[in-house]
Amino acid sequence: MSIDKEKALEIVKQYLQDRKREYISIDEKDQIRYEEQKRINYGKYEDTIRNIFVVTYYLEGYYEPIPQFVIVDTETGEVHCTYTKHGYAEEWEDEL
């Protein structure tokens, strides 16, 4: 299975809802980045090379919105992780 940007956006919106993450905005389909042969640094695919989509959503910030980056596998549609300025969101969510 291979997914497109539209499907990646659907997956991320559902992922954010399931994890009860609030946000003020999210990338539109044409803003989603495709990156080939990127090393995954977290989760079950850690240290493997995958093709990914990067979907950015934004939290409310004091001066400006704070970006958070959700990494989605282009082949499987799985969410690998969410990069934040403090590390991986899943790291502290899964501890709760």
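The values are calculated or read from the model by the stated rules, or taken from the named source; none is laboratory data. What you are looking at is a predicted structure, and each value in this text was computed from that prediction instead of being measured. Cβ placement follows ideal geometry from the backbone for every residue including glycine, while neighbour counts extend to all protein chains displayed.
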Among (1) more than 13 Å from the chain's Cα centre (by Cα); (2) loosely packed, with under 14 Cβ neighbours inside 10 Å; (3) of a type outside the set (Gly, Ala, Ser) - the single one residue 14 does not satisfy = (1)
So which residues in the range 39-58 are surrounded by 15 or more Cβ atoms within 10 Å (Cβ to Cβ) and at pLDDT 95 or above?
-> 50, 52, 53, 54, 55, 56, 57, 58
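Of the residues in the range 67-77, how many are surrounded by fewer than 18 Cβ atoms within 10 Å (Cβ to Cβ) and either of a type outside the set (D, E, K, R) or closer than 17 Å to residue 14 by Cβ (or both)?
Adding up the residues that qualify gives 4.
Only one of 64, 22, 35 is surrounded by 12 or more Cβ atoms within 10 Å (Cβ to Cβ) and of a type in the set (D, E, K, R). Can you tell me which?
35
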